[in-house]
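Colleague: Can you keep this structure in mind? I'll have questions shortly.
The values are calculated or read from the model by the stated rules, or taken from the named source; none is laboratory data. In this text the structure is predicted, and so the values were computed from the model without any measurement. All Cβ positions, glycine included, derive from the backbone under ideal geometry; neighbour counts span all protein chains shown.
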Amino acid sequence: MSIILQTLVNSLITSSFYMLIAVGLTLVFGVMNIANFAHGEFYMVGAYTVWLLYSVGKIPFFVSVLVALVVVCAIGVVAERVLFRRVYGNVLGGFIISIGLVFILQVLVGQIWGVGMMKPVPKVFPGSLSVLGISVGWQRFIVVPCTGFLLAVLWFFLAKTKTGRGLRAVAQDREAAILHGIDVNRCCAVAMGLGSAMAAAGGALMAPIVSVYPYMGHSVVWTGFVIVIVGGAGNIKGTILSALFFGFLHTIVATVLDSTIGNLVGVLCMLIILAIKPEGLAGERE
Amino acid sequence: MKRVLYVGLLLLVGAAVVFAGGKKEAPAVEGTAASGVVKIGFLAPLTGDAAAWGLPGLYGAQMWMEDVNAAGGIKAGGKSYKVELVTYDEENVASKALLGAKKLVLEDKVAVVLMMAGATVTACQSFFTENKVLSMSLAPYDTRAEAPYHLCAAEPSLVYHLASIPYIAKTYPNVKRVAIVAQDDEIGRQGLAYLRAACESAGLQVVYDKFYGFETTDFAPIMTAILNAKPDLISFDGGYSYYVELLAEQAYLMGFEGIIESSEFFLSSLLAKVPADWAEGAVASFADWDDPKLPKYCHDFYAEYTQRWPGQWGAVSWEYAANLDIWKFGVESADSIDPMEVFKALKSAETIPHVYGEGVWSGKEIWGIDNFLATPWHNTEVRNGKHVIVNTQPILGWFYQPGNKEILLKHLKAAGVYYVK
């Protein structure tokens, strides 16, 4: 019984982490129509910021997380203004630019802080929550409420503010949004900033759990893309649903069989879902 | 006229093939030595997952080089040579290792190539053999008949599990159930075979033995499955320190109270993840070199190393330097820096001085060639945040006990890592 409960809790934590990464990615794709492969590097910069401020600079953890969000949000906005704005409507161009950004950020971080040994970030919440025969580290568990909080803030922003409604309008129909006087460039900058900040939140919160190094974004961004594609690219509700699905699927398969098969099953499921419903779980057929 | 051109072209191509690919001889190490410098190739992971098995070793090799040069260099053939390290970061990627090997041998003309272990070494061996390059790595399973000039002299990588499991079985008789988990690569698979063999011989039951992929970031599901098998001992096999730390952290957080075992624990990183009292008693195979059981040379090396590179001490900190000590012994015995002369001198020596005692070339019954230097080796336990020596034995002592050879070969074959043809 306890293994089932433990697996469910593990799945929930994994899903929360997937949501943090994938929601930002899908937001950028929805508004800007860009497959941003540098999203994993934004996650990495978020983790590095926490390592630098919290681990080295002894600044309180949540202050470090907040700074990480702001720093990476700023990097995202600058990237949008300087790089991505030039290639709107050109998916391939956007893809190439994001790949360039991947290398730039990796090399920059490697040059500044070295690429040798991984950067250790001590736990902020030591110990574990033990209840009903299961045990979960507090540091992992904290990802769940933090994700809930950040998604709630994002929902409020998108549903209740004028800029948020503008973002949704651009995602739905860019030309119609322009005709209604919405500043599309501004919406794109906001989407990129928010998406990048979500990635940074993932990296910053996970920094004490994973090891921090310049290439840590690779596996994360691939998982993020699988989730976004299955959820329906640009669809936040679908992405959340997809993150839940893959979080549970991967954790259950990794527990019952092994983690390598977990990854294989995940990609296999993506192919099957896309074969049946090419627009993704919550996407609409054009 | 056209026919003449074709024939001429064919001759040119033929000549190019003969001169470029057909002629195989040792690269001209002596050419660089004319300047009074002998170059050593350091081809190991300095970045990425396996950096903990390369970078700390590079620091040790640098210390060795400085000491040798300060003492006047290496003397051979009536000359004195300064030593120069040429490094190449292979990132634990086989293709990059081969690229680095070619660069070090053909461009830099190094006299010996030092490597880590596993797939990166295998990738370079044909090139080394064809070009008669002396190479040394840290794993006995890198030695094989098809790579006659490759030596494993400093560390019995993974073979020490054959000593640590019997030590645990004898010291902790309540240990009956063992879980083994490792990354899915040559090192993990080799280690699993040694661990299974040692467990079978000691009468321990293996209740979990699986691999995880390099892309794994979340170890909670894996540890959930491990703990569900109710092990008394979890072995992290030859896990990279990055994975071992995350797995150990999960084991701690999920309430595991048994014994943990691994090739090594990179303690400065591990103790940032788990409390020191939980890690107490963890069994590994590498001593900290300020251990009272070790000679003064080790203490001096450790003191200088930890002062110059705080927090970087690990299993390999001294090992590349130990290989260089053995290479230097070969140079002095051969009175030459020529790689093949050094190789012959090393192989013809009755015993080789190793920092843990006299070593003898062994291994033919396991790897098909006697290119592994069998020496005494230690079991260690973590005590008060340090690796402390708790037992010492000949590293192949377990293998020569009745019945154990058959058990080991059976598990190596079952794991698909028995390469003797």
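Colleague: Tell me whether the stretch B:48-61 contains one or more residues that are of a type in the set (Asp, Glu) and surrounded by 20 or more Cβ atoms within 10 Å (Cβ to Cβ).
Modeller: Residues of the stretch B:48-61 that are of a type in the set (Asp, Glu), as a first pass: B:49.
Still in the running and surrounded by 20 or more Cβ atoms within 10 Å (Cβ to Cβ): B:49.
For the stretch B:48-61, residues of a type in the set (Asp, Glu) and surrounded by 20 or more Cβ atoms within 10 Å (Cβ to Cβ): present.
Colleague: Let me ask something else. Could you tell me whether any residue of the stretch A:47-61 is of a type in the set (D, E, K, R) and surrounded by fewer than 20 Cβ atoms within 10 Å (Cβ to Cβ)?
Modeller: yes
Colleague: Would you call B:Glu341 modelled with pLDDT of 95 or more, surrounded by fewer than 24 Cβ atoms within 10 Å (Cβ to Cβ) and not β-branched (Val, Ile, Thr)?
Modeller: Values: modelled with pLDDT of 95 or more: yes; surrounded by fewer than 24 Cβ atoms within 10 Å (Cβ to Cβ): yes; not β-branched (Val, Ile, Thr): yes.
Against the criterion (modelled with pLDDT of 95 or more, surrounded by fewer than 24 Cβ atoms within 10 Å (Cβ to Cβ) and not β-branched (Val, Ile, Thr)), B:Glu341 qualifies.
Colleague: Something else: Sort through B:Gln312, B:Gln250 and tell me the only one that's of a type in the set (S, T, N, Q) and assigned to a loop (DSSP other than H, G, I, E, B).
Modeller: Sole residue among the options that is of a type in the set (S, T, N, Q) and assigned to a loop (DSSP other than H, G, I, E, B): B:Gln312.
Colleague: Could you figure out which of (1) in a helix (DSSP H, G or I); (2) surrounded by fewer than 21 Cβ atoms within 10 Å (Cβ to Cβ); (3) more than 21 Å from the chain's Cα centre (by Cα) isn't true of B:Asp291?
Modeller: Condition (1) is where B:Asp291 drops out.
Colleague: Could you list all residues from the stretch A:147-171 that are surrounded by fewer than 18 Cβ atoms within 10 Å (Cβ to Cβ) and either without any contact (Cβ under 8 Å) to a residue 12 or more places away in the chain or within 13 Å of chain B (Cβ to nearest Cβ) (or both)? Give the derivation first.
Modeller: Restricting attention to the stretch A:147-171, the residues satisfying the condition of being surrounded by fewer than 18 Cβ atoms within 10 Å (Cβ to Cβ) are A:148-149, A:151-153, A:155-157, A:159-163, A:165, A:168.
A:Phe149, A:Ala152, A:Val153, A:Trp155, A:Phe156, A:Ala159, A:Lys160, A:Thr161, A:Lys162, A:Arg165, A:Arg168, listed by residue number.
Colleague: Checking B:Ala374 against (1) touching a Leu at 6+ places or on another chain (Cβ under 6 Å); (2) modelled with pLDDT under 95, which single condition isn't satisfied?
Modeller: Tallying (1) touching a Leu at 6+ places or on another chain (Cβ under 6 Å); (2) modelled with pLDDT under 95, B:Ala374 fails exactly one: (2).
Colleague: Suppose we keep only residues that are among the polar types (S, T, N, Q) and closer than 19 Å to A:Tyr215 by Cα within the stretch B:71-101. Which one would you say is surrounded by the fewest Cβ atoms within 10 Å (Cβ to Cβ)?
Modeller: Of the stretch B:71-101, the ones among the polar types (S, T, N, Q) are B:80, B:87, B:92, B:95.
If we keep only those that are closer than 19 Å to A:Tyr215 by Cα as well, we get B:92, B:95.
Values: B:Asn92: 26, B:Ser95: 11.
The selected residue is B:Ser95.
Colleague: Another question about this same structure. Name the pairs whose Cβ atoms lie under 7 Å apart, with the first residue in the stretch A:252-264 and facing chain B (nearest Cβ under 7 Å), the second assigned to a helix (DSSP H, G or I) and β-branched (Val, Ile, Thr), and 6 or more positions between them or separate chains?
Modeller: Correct list of pairs: A:Ala254/B:Ile222; A:Thr255/A:Thr7; A:Thr255/B:Thr224; A:Ser259/B:Ile222.
Colleague: If you take the residues in the stretch B:212-243 that are of a type in the set (Val, Ile, Thr) and part of a loop (DSSP other than H, G, I, E, B), which one is surrounded by the fewest Cβ atoms within 10 Å (Cβ to Cβ)?
Modeller: Top of the filtered list is B:Thr217.
Colleague: Would you check if there is a residue in the stretch A:68-88 being over 23 Å from B:Asp89 (Cβ atoms), within 14 Å of another protein chain (Cβ to nearest Cβ) and modelled with pLDDT of 90 or more? Spell out how you get there, then give the answer.
Modeller: We begin by selecting, within the stretch A:68-88, every residue over 23 Å from B:Asp89 (Cβ atoms); these are A:68-88.
Okay, now just the ones that are also within 14 Å of another protein chain (Cβ to nearest Cβ), so none.
Within the stretch A:68-88 (the criterion being over 23 Å from B:Asp89 (Cβ atoms), within 14 Å of another protein chain (Cβ to nearest Cβ) and modelled with pLDDT of 90 or more), the answer is no, since none of the residues qualifies.
Colleague: Okay, next question. For the stretch B:213-227, give me each residue that is more than 7 Å from every other protein chain (Cβ to nearest Cβ) and not aliphatic (A, V, I, L, M). Write out each step before concluding.
Modeller: As a first pass, look at the stretch B:213-227 and keep what is more than 7 Å from every other protein chain (Cβ to nearest Cβ): B:214, B:219, B:223, B:226-227.
If the condition is that a residue be more than 7 Å from every other protein chain (Cβ to nearest Cβ) and not aliphatic (A, V, I, L, M), then B:Phe214, B:Phe219 are the ones that fit.
Colleague: Which of the residues that make up the stretch A:166-213 are farther than 26 Å from A:Thr147 by Cα and part of a loop (DSSP other than H, G, I, E, B)?
Modeller: Step one: list which residues in the stretch A:166-213 are farther than 26 Å from A:Thr147 by Cα, which gives A:173-185.
Correct list: A:Asp173, A:His180, A:Gly181, A:Ile182, A:Asp183.
Colleague: Kindly evaluate B:Thr380 against the criterion of being crowded, with 16+ Cβ neighbours inside 10 Å, polar (S, T, N, Q) and over 30 Å from B:Ser80 (Cβ atoms). Lay out the reasoning, then the answer.
Modeller: Numbers: crowded, with 16+ Cβ neighbours inside 10 Å: yes; polar (S, T, N, Q): yes; over 30 Å from B:Ser80 (Cβ atoms): yes.
Judged against the criteria, B:Thr380 is a match.
Colleague: What is the one condition in (1) within 13 Å of another protein chain (Cβ to nearest Cβ); (2) of a type in the set (Val, Ile, Thr); (3) within 21 Å of A:Ala207 (Cβ to Cβ); (4) in a helix (DSSP H, G or I) that A:Thr49 does not satisfy?
Modeller: For A:Thr49, the failing item is (1).
Colleague: Hey, B:Tyr400 hits all of (1) surrounded by 19 or more Cβ atoms within 10 Å (Cβ to Cβ); (2) free of Cβ contacts under 8 Å to residues at least 12 places away in the same chain; (3) aromatic (Phe, Trp, Tyr) but one; which does it fall short on?
Modeller: Result: B:Tyr400 fails condition (1) only.
Colleague: So, B:Gly255, is that one facing another protein chain (nearest Cβ under 9 Å) and either surrounded by 18 or more Cβ atoms within 10 Å (Cβ to Cβ) or touching a strand residue (DSSP E or B) at 6+ places or on another chain (Cβ under 9 Å) (or both) or not?
Modeller: yes
Colleague: Any residue that is within 14 Å of chain A (Cβ to nearest Cβ), at pLDDT 95 or above and out of contact with any Ser or Thr (no Cβ under 6 Å at 6 or more places or on another chain) - is there at least one of those in the stretch B:70-93?
Modeller: So far as the stretch B:70-93 goes, yes, one or more of its residues are within 14 Å of chain A (Cβ to nearest Cβ), at pLDDT 95 or above and out of contact with any Ser or Thr (no Cβ under 6 Å at 6 or more places or on another chain).
Colleague: Which of the following residues is within 14 Å of chain B (Cβ to nearest Cβ), more than 22 Å from the chain's Cα centre (by Cα) and either of a type outside the set (Gly, Ala, Ser) or assigned to a loop (DSSP other than H, G, I, E, B) (or both): A:Val144, A:Val115, A:Val124? Let's see the steps before the verdict.
Modeller: Working: A:Val144 fails: more than 22 Å from the chain's Cα centre (by Cα); A:Val124 fails: more than 22 Å from the chain's Cα centre (by Cα).
Checking each option against the conditions leaves just A:Val115.
Colleague: Take B:Asp277 and tell me if it is closer than 19 Å to B:Leu192 by Cα, surrounded by fewer than 24 Cβ atoms within 10 Å (Cβ to Cβ) and not small (Gly, Ala, Ser). Before you say what the answer is, go through the steps one by one.
Modeller: Details: closer than 19 Å to B:Leu192 by Cα: no; surrounded by fewer than 24 Cβ atoms within 10 Å (Cβ to Cβ): yes; not small (Gly, Ala, Ser): yes.
The answer is no for B:Asp277.
Colleague: For A:Gly30, which of the numbered conditions (1) assigned to a helix (DSSP H, G or I); (2) at pLDDT below 90; (3) surrounded by fewer than 20 Cβ atoms within 10 Å (Cβ to Cβ) fails to hold?
Modeller: Unmet for A:Gly30, out of (1) assigned to a helix (DSSP H, G or I); (2) at pLDDT below 90; (3) surrounded by fewer than 20 Cβ atoms within 10 Å (Cβ to Cβ): (3).
Colleague: If we scan the stretch A:278-285, do we find a residue that is away from every other protein chain (no Cβ under 14 Å) and in contact with a Phe, Trp or Tyr (Cβ under 9 Å, 6 or more places away or on another chain)? It would help to see each step written out before you state the result.
Modeller: First, the residues of the stretch A:278-285 that are away from every other protein chain (no Cβ under 14 Å): A:278-285.
Adding the requirement that they be in contact with a Phe, Trp or Tyr (Cβ under 9 Å, 6 or more places away or on another chain) leaves A:281.
The answer is yes; a qualifying residue exists.
Colleague: Out of the residues in the stretch B:171-195 meeting the condition of being part of a strand (DSSP E or B) and over 24 Å from the mean Cα position of the chain (by Cα), tell me which one is nearest to B:Ala139 (Cα to Cα). Give the steps one after another, and end with the answer.
Modeller: First, the residues of the stretch B:171-195 that are part of a strand (DSSP E or B): B:177-183.
Still in the running and over 24 Å from the mean Cα position of the chain (by Cα): B:177-178.
Working: B:Arg177: 28, B:Val178: 24 Å.
Here the residue is B:Val178.
Colleague: Out of (1) at pLDDT 85 or above; (2) among the small types (Gly, Ala, Ser); (3) under 23 Å from B:Ala225 (Cα atoms), what's the single condition that is false for A:Gly262?
Modeller: So the condition that A:Gly262 fails would be (1).
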